[in-house]
Structures are given as structure tokens and as C-alpha cells.
Amino acid sequence: MTTTQLPDIVSLLDTASPVLSMPQVGEIARDVFGLTAAVSELAGERDRNFHLRVGETHYVLKVSNPAEDRQVIDFQTGALLHIASVDPGLPVPRVIPTRSGAAEWLLTCAGQEPRVIRVLSFLQGEPLYRVPTSAMLRRNLGRDAARLDLALRGFFHPAAGHELMWDLKHAIRVRDLLVHIQDREQRALAERFLDNFETNALPVLPRLRAQVIHNDLNPHNVLVSTSEHSRIAGIIDFGDMVHAPLVNNLAVAAAYQLASTGHPLEAMADLIAAYHSVLPLEPIELEILFDLIATRMVLTVAITGWRAARHPENEAYILRNNPQAWAGLERFDSLTRTDAQAYLRQACHAE
């Protein structure tokens with residue numbers, strides 16, 4: 001297999017989140033967006049995020065990373081505006097305009113890179129990772145993921161083709177990061193699945209349906225109703241959106257639905273079958289879905305381990321999905337590719 005040099009697109013992930021004080025955020029919220037709010041900080045990997053509370057109404061103020069391309073930020077904002085117009089019932093954040101009606105505002109300070117600031121509605125709910133899982137919850141997530149893909153199907157933007165390390169199309173670019181995995185058996189496990197991706201999935205990707213996708217439906221980006229734990233209350237954080245094969249979005253979502261017992265694909269199959277019922281998968285997409293799910297797990301262990309070493313102050317947040325990804329790769333290692341394909345075809349009644 002070919003070793004690829006670490007690409008320039010790591011610069012964004014290797015740049016620390018921007019610093020902005022609580023009083024500064026409060027002033028911006030009031031003077032620019034017309035919101036006199038109580039301010040608290042939220043976790044974030046690349047951006048700096050703040051929770052704004054105005055009475056009983058909640059918002060998120062997002063301060064862009066200085067390394068983020070302004071066109072990419074506009075891409076994310078445009079997608080949210082597009083979804084609101086196409087499928088207003090989808091539980092995604094709404095863009096809150098400035099007092100002058102703009103969707104974004106540029107903060108410029110002497111000696112610092114300009115930073116884009118946006119305010120979005122704050123969706124209420126429990127993060128998916130805190131809620132007991134169930135087949136109904138997984139099926140509802142699968143259906144809403146399909147609805148989101150349908151809503152984004154007609155959307156495009158000049159920045160949609162930007163490069164992102166978390167894009168499965170570029171998975172082989174993390175091969176050099178695997179050297180940072182200290183455990184030899186774990187490193188070999190990740191290498192095997194990356195080899196499998198390069199052999200079986202990568203050559204197929206150019207032939208697949210492609211569009212703008214969310215690309216990060218992990219349990220921290222999905223909210224569940226506090227009163228009804230089977231209902232999806234929010235899909236948040238569109239910061240990893242890319243133009244990519246449609247099936248990649250499903251693979252990312254499925255990679256986080258791992259059952260600790262039973263068949264390794266059993267829980268994922270609930271989500272996949274429900275997605276398929278709303279937005280049918282093509283045979284070629286179903287054929288490589290197992291490969292893509294495993295590859296997302298490889299991206300998780302490779303990128304998060306590398307990132308945590310560079311930003312130890314944010315280690316807990318960066319590594320939040322790492323243990324489950326290793327567990328998934330280990331369970332997947334007990335399957336043959338042929339058996340995994342047959343299981344998913346059967347789950348989708350595609351035999």
C-alpha cells in the first residue's frame with residue numbers, strides 16, 4: 001500500500017480554537033445581534049462556541065477558527081438556510097441574523113486574524129450518547145438522516161469541494177498518523193481496515209451518487225427528546241460538511257451505532273434499514289457500506305489520537321469517541337467482508 005504524506009489540510013485541525021472572553025461575547029451578542037444574554041462556554045473542537053440565554057430562549061454564538069476559510073463558513077450557513085426552506089420540519093439549527101439582517105458578522109481586532117461570528121438557535125434535548133439506545137431510536141435517526149440528505153440534495157456552494165481530513169474520500173491520507181498508535185496490535189488492526197478501504201472502496205467512490213452531506217452524525221451531534229427518548233430532537237454541528245458520496249453520510253452515522261453484544265452489525269442495521277426505507281441505497285453503495293463504516297472508525301482513532309497529543313488541554317473532548325471506535329474495529333475484525341455484505345443486504349431486504 002502507498003504511504004501518503006500528511007496533507008496541508010491538517011492545518012485547520014492543528015490550529016487552536018480562537019480566544020474570546022465572556023464579556024466580549026456578551027457585548028457582541030447585544031450590539032451586533034440585539035441579544036442581551038447570559039453567556040456560558042460550550043465545548044468545541046475547532047471553533048469557540050458560547051451558549052446565550054435570553055429569558056427562556058437559547059442560542060449558540062459560534063466564533064470561527066482563524067484558519068477556517070470564510071467561504072467554507074458561508075457554505076455551512078447557506079446549507080442551514082437551504083434546509084430551512086426545503087424541509088422546515090427537520091430539527092436543525094436556524095440562522096439568527098444580525099440587527100442589520102446579515103447571516104454572519106466579521107470580527108476584526110488589531111494583530112489578530114479576522115473571525116466570523118454567527119448566532120444559531122439552540123436546540124433543546126439530550127445528547128444521543130447520554131440516552132439509552134433502542135431499535136426505535138436508531139430507526140428514527142436513520143429516517144431523519146435520510147430526510148437530511150434529501151433536503152441537501154439540491155444544494156451546492158463553491159466551497160462544497162473543500163478538503164477535510166474527516167472526509168472518507170481522503171481516508172488514506174491518515175496512514176502516516178497510524179504510527180502514533182502505541183499498541184502494535186491496535187495499529188495493525190487499523191492498518192488492515194485502511195488497506196481494505198484502499199483496495200475495495202476507494203476505486204468505487206467516483207462512481208457513486210454524490211452531494212453535500214452533513215458528514216458527522218456522531219452521538220454528540222444528535223439530540224434526543226427529553227420526554228420521548230425514541231424521537232430525534234436535533235441534528236447540530238454542520239462544521240464537517242463536504243461534497244462527497246451520499247453513502248458516506250450513512251456510514252458515518254452507522255459507525256457510532258455499535259452494539260456490545262450480538263451481531264456486530266445488528267444495531268447499525270436498524271439505522272441502515274430505516275434510512276434505506278426513505279432513501280433507497282443502490283447495490284454498489286450497499287456493497288461497500290461495511291468498508292466505509294470501518295474506515296470511519298479508523299479515521300476516529302487516527303485523527304483524535306494525533307489531535308489530543310497536540311492539544312492536551314482539550315483531550316477529553318477530542319477523544320470522546322475513541323474507545324467506541326476501537327471496540328467497533330475489534331468486533332468488525334471477527335467478520336468476513338462477504339458475511340458483512342450479506343447481513344446488510346438482508347437487513348435492507350435487498351437479497
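The values are calculated or read from the model by the stated rules, or taken from the named source; none is laboratory data. Fair warning: this is a prediction, and the values are worked out from it, not measured in the lab. Methodologically, a virtual Cβ is constructed for each residue, glycine included, from the backbone with ideal geometry; neighbour enumeration extends over all protein chains shown. In case anyone asks, the SASA skips ligands and DNA or RNA and just uses the protein heavy atoms, side chains included. Shrake-Rupley method; radii C 1.70, N 1.55, O 1.52, S 1.80 Å.
So which of Leu137, Leu123 is assigned to a helix (DSSP H, G or I) and out of contact with any Phe, Trp or Tyr (no Cβ under 7 Å at 6 or more places or on another chain)?
Answer to the check: Leu137.
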Identify, please: which residue in the range 209-231 is outside any loop (DSSP other than H, G, I, E, B) and open to solvent by 10 Å² or more (accessible area, probe 1.4 Å) and is, among those, nearest to Leu137 (Cα to Cα)? Leu223
Note on the range 54-82: residues open to solvent by less than 20 Å² (accessible area, probe 1.4 Å) and on the phi > 0 side of the Ramachandran plot are none
When the range 154-175 is checked residue by residue, the ones that are assigned to a helix (DSSP H, G or I) and either open to solvent by less than 10 Å² (accessible area, probe 1.4 Å) or within 19 Å of Leu319 (Cα to Cα) (or both) are Leu168, Ala171, Val174, Arg175
Selection status of Ile288, under 22 Å from Ala201 (Cβ atoms), β-branched (Val, Ile, Thr), open to solvent by less than 60 Å² (accessible area, probe 1.4 Å) and at pLDDT 95 or above: yes
Considering only residues that are under 21 Å from the mean Cα position of the chain (by Cα), open to solvent by 40 Å² or more (accessible area, probe 1.4 Å) and in contact (Cβ under 8 Å) with a residue 40 or more places away in the chain, look in the range 88-125 and name the one that is nearest to Gly34 (Cα to Cα). Phe122
Please verify whether the range 18-35 includes one or more residues that are of a type in the set (Ser, Thr, Tyr), open to solvent by less than 40 Å² (accessible area, probe 1.4 Å) and at pLDDT below 95. no
Within the set of pairs 6 or more residues apart or between chains, which connect a residue that is under 19 Å from Leu258 (Cβ atoms) and part of a helix (DSSP H, G or I) inside the range 331-351 to a residue that is open to solvent by 70 Å² or more (accessible area, probe 1.4 Å) and at pLDDT 95 or above with Cβ atoms less than 7 Å apart? Gln341/Glu287
Which of the following residues is in contact with a strand residue (DSSP E or B) (Cβ under 8 Å, 6 or more places away or on another chain), surrounded by fewer than 24 Cβ atoms within 10 Å (Cβ to Cβ) and not β-branched (Val, Ile, Thr): His276, His243, His311, His263? His243
Checking the structure you have, find out if any residue of the range 42-53 is open to solvent by 40 Å² or more (accessible area, probe 1.4 Å), part of a loop (DSSP other than H, G, I, E, B), within 24 Å of His220 (Cβ to Cβ) and in contact (Cβ under 8 Å) with a residue 60 or more places away in the chain. yes
With the structure loaded, tell me whether Thr295 is surrounded by fewer than 19 Cβ atoms within 10 Å (Cβ to Cβ) and within 19 Å of Asp195 (Cβ to Cβ) or whether it fails that test. no
Consider Ile236 carefully, then state whether it is hydrophobic (A, V, I, L, M, F, W, C), open to solvent by less than 50 Å² (accessible area, probe 1.4 Å), within 20 Å of the chain's Cα centre (by Cα) and at negative phi. yes
Over the range 247-260, the set of residues within 17 Å of Leu286 (Cβ to Cβ) and surrounded by fewer than 20 Cβ atoms within 10 Å (Cβ to Cβ) is none
State all residues of the range 188-241 that are of a type in the set (Val, Ile, Thr) and touching a residue at least 24 places away in the same chain (Cβ under 8 Å); if no residue qualifies, say none. Val204, Val212, Ile213, Val222, Val224, Thr226, Ile232, Ile235, Ile236
